[in-house]
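Below: one structure, written as structure tokens.
The values are calculated or read from the model by the stated rules, or taken from the named source; none is laboratory data. The structure presented is a predicted model; accordingly, all values stated were derived computationally and were not measured. Here the Cβ positions follow ideal geometry from the backbone for every residue, glycine too, while neighbour counts run over all protein chains shown.
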Amino acid sequence: MGKTENIIFDLGGVLLDIDYNRIRTAFEQLGVVNFDEMYSQANADQLFQKLETGKISDDDFYKELNRCTNLNLSPEEIRNAWNAMLLSFREKSLQHLDDIRSKYQIFLLSNTNYIHLASFKKTFLDKEREKTFEGYFNRVFYSCAIGLRKPEKVCYEWVLKELKIQPQKTLFIDDSLQNIEGAKAAGLQTILLTPELRIEDMGL
């Protein structure tokens, strides 16, 4: 591994605990019988890809989900089910970001959407904080804002170009294998964060 100057972190499963089973269960309870085919850790269908790249509004997403599922769910029902996967922040991991700021430039690259963004920012502010969530990073990149999504190679290349940093000097940490493979294709150093690992235990 070459000298690392930059670290790009994923959000869910790295800094924020998430549970895909909770979201599947929540939608099943609303009558969505094939949610795993629509969205999972490994895959997102066309509707959810559009949501996570900012190509569909929240209101149109709710309408399209009802159309796809032949249901008549309220925006609040869909929003609550969709947010069910978001749990709590890993406080020690957030603290570790502060601990390593003197050694690395640190960035965030997350596949997310404006519904989840509002929810996890609210969760973050449920505790008294000295700074915003974005304040932990030199820059943050949300897929819904940049219009690009992991694991597409072009997503990583766009971020590298935007930051003017070299892939061989940049470490990417994510909990999803497909995102790690996409980062490798773009020339990044990578670490797959398995469920038992925490970033503060990695010797960064």
1 or more residues more than 18 Å from the chain's Cα centre (by Cα) and surrounded by 15 or more Cβ atoms within 10 Å (Cβ to Cβ): qualifying strands (runs of 3 or more DSSP E) within segment 122-204: 170-174, 189-192
Pairs with Cβ under 8 Å, 6+ apart, first in segment 178-191 and under 17 Å from Ala42 (Cα atoms), second of a type in the set (Lys, Arg) and surrounded by 15 or more Cβ atoms within 10 Å (Cβ to Cβ): Gln178/Lys150; Asn179/Lys150; Gly182/Lys150; Gly182/Lys153; Ala183/Lys150
Residues satisfying the stated conditions in segment 128-145, i.e. in contact with a Phe, Trp or Tyr (Cβ under 8 Å, 6 or more places away or on another chain), in contact (Cβ under 8 Å) with a residue 24 or more places away in the chain and under 21 Å from Gly13 (Cβ atoms): Phe137, Arg139, Val140, Phe141, Cys144
Residue selected from segment 36-70 under the condition of a type in the set (A, V, I, L, M, F, W, C) and touching an Asp or Glu at 6+ places or on another chain (Cβ under 9 Å), by the criterion farthest from Asn113 (Cα to Cα): Cys68
Helices (runs of 4 or more DSSP H) fully within segment 1-80 counting 1 or more residues that are over 19 Å from Ile146 (Cα atoms) and touching a Cys at 6+ places or on another chain (Cβ under 8 Å): 35-38
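So in segment 152-204, with the set limited to residues that are of a type in the set (Asp, Glu) and modelled with pLDDT of 95 or more, which one is farthest from Asp98 (Cα to Cα)?
So the residue we want is Glu152.
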Unmet requirement for Ile7, which otherwise passes all of (1) modelled with pLDDT of 95 or more; (2) hydrophobic (A, V, I, L, M, F, W, C); (3) over 20 Å from Asp174 (Cα atoms): (3)
Some residue of segment 105-119 being modelled with pLDDT under 95, buried (at least 18 other Cβ atoms within 10 Å of the Cβ) and either touching a Pro at 6+ places or on another chain (Cβ under 6 Å) or not in a helix (DSSP H, G or I) (or both): no
